[in-house]
Amino acid sequence: MIEIGTQVDLSHPPDRVWLALTDLELLGRWFVEAETVEGVPDRLLLHTSGLPGFDADVEVEVTERNAPELLSLRCDEAGRLTELTCAVTATREGSRLAVREVTTHGAWSAEQHEAREQQLRQALTVRLPAILDWLAFQQVDLRRGEAGMTAELPVIGAGGPSAGPRRRRRTLVALVGGAVLVAGTAAWIALPTGSDPAAAPAPTGTPSASATAVAPTVAPTVTPSARPSRTVASATARPSRTPSAKPSRTPSSAPPPSPQVVVAARYETDSSRLFGYTGEIVVDNPGSAAANWSVVVTLAEGTTVDDVDDATWRQDGRTITFTGPAVSAGGSQTFRFDVRDSRPKAREPESCTIDGKPCAGL
């Protein structure tokens, strides 16, 4: 288990810190852009792909929420699983935020670990305080004693009294925007977007090439039966009669039957993620001749295939058909496919068949 963790003391109350942690618009300002998963509560996609220390977007599931003190998340970054905890405690000066992330499946390289830790420290110590200050400015009562509360700051300098509320708001946004840009541009974490799978090419069938050995036809041979002539003593000599030879008939060899080729398939879940899994199928050919194959997988409703390695595929609704080169006699062919599945903790397809026969392992 590998751990990344840091904490920061903030001059803001826990409620304001909690808002910055849970509001998606604010989260995108100091951490990384995020979006909810349609129809799936407590799930987010953090767009971290391309950031230092990250290989892909991060899929997040909220496992515990206790406002404004504790937020626990289960994260999935392309098969690497982690648990992330954000704890907020009140202090005399404001609050303390402690963030801890530990791996539960897979690991980071040394370079990734260092880059992620640096991103986390920068987000918590530079960008988050800037956003919290910005929130505080909007809640300040600068004209207490006049007509009600206001979130506007007065403009001092070249603008003069003639500058209206709109001018003052633009100046405030420019000041805060400049502070955020100077604070830093790196983000901490990101999640994957639910991109539509690319259209799969239509499978190209490989014609079966079963060779049938045919023995050559042997022409019939004529074997005369030699029988000696018999001389009969009589007054008049008769010629001997030799019967006509009857050829022996050798039937032509019939072609041997074509070998019966029976292929089989085995399914296994290679890895699982928060929103899907990677399936692996091995096609075995125990026969004595090369054989074509076709594997049909049925997925759950609303499930799609993102990517396939070492096979041609097409999707028709929930049915995925995989084909590939003929498997040599006694050989095997392995292919893998990535599935995005909306079911909680889904780890395998609903069914798998090869040439109409069930795959082993399901």
Exercise for review: State the extension gain, in nm to one decimal, for the chain segment bounded by Glu268 and Thr85, taking 0.36 nm per residue of separation less the distance between their alpha-carbons.
Suggested key: 62.7 nm
Revision key, fill the gap. Residues meeting the amide H criterion for Asp57 (H placed from the backbone, H to H distance under 5 Å, 5 or more places apart or on another chain) are Thr48, Ser49
Check your understanding: What FRET efficiency would be calculated for the residue pair Arg100, Gln139, taking the C-beta separation as r and a Förster radius of 51 Å, to the nearest 0.05?
Key -> 0.95
Practice item. Would you please put 126-133, 302-309 in order of how densely packed they are, using the mean number of other Cβ atoms within 10 angstrom per residue and starting with the highest? Key: 126-133, 302-309
Check your understanding: At a Förster radius of 45 Å, what calculated FRET efficiency corresponds to the Cβ-Cβ distance of Glu25 and Asp316, to the nearest 0.05?
Key -> 0.70
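Please work out the FRET efficiency for the pair Lys357 and Ser109, using the Cβ-Cβ distance as r and a Förster radius of 30 Å; give the result to the nearest 0.05. Mind showing how you got there, number by number?
Numbers: r = 42 Å, r/R0 = 1.42.
E(calc), rounded to 0.05, equals 0.10.
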Check your understanding: For the pair Val282 and Asn66, how long in nm is the line joining their label points, each one 7 Å along Cα→Cβ?
Key -> 4.6
Review point. In whole Hz, what ³J(HN,Hα) sequence does the range 58-74 give by Karplus (6.51, -1.76, 1.60; θ = phi - 60°), x for Gly and Pro?
Key: 10, 9, 10, 10, 6, 9, 8, 9, 9, 5, x, 10, 9, 9, 10, 10, 10
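Going from most exposed to least, what order do Val327, Val262 have by accessible area with a 1.4 Å probe?
Numbers: Val327 5, Val262 75 Å².
The residues order as Val262, Val327, largest area first.
The values are calculated or read from the model by the stated rules, or taken from the named source; none is laboratory data. This is a predicted model, so every value here is computed, not measured. Every residue, glycine among them, receives a Cβ derived from its backbone with ideal geometry; neighbour counts consider all protein chains shown. The protein model used for the area step is the full one, side chains on, heavy atoms only, and it has no ligands, DNA or RNA in it. Shrake-Rupley method; radii C 1.70, N 1.55, O 1.52, S 1.80 Å.
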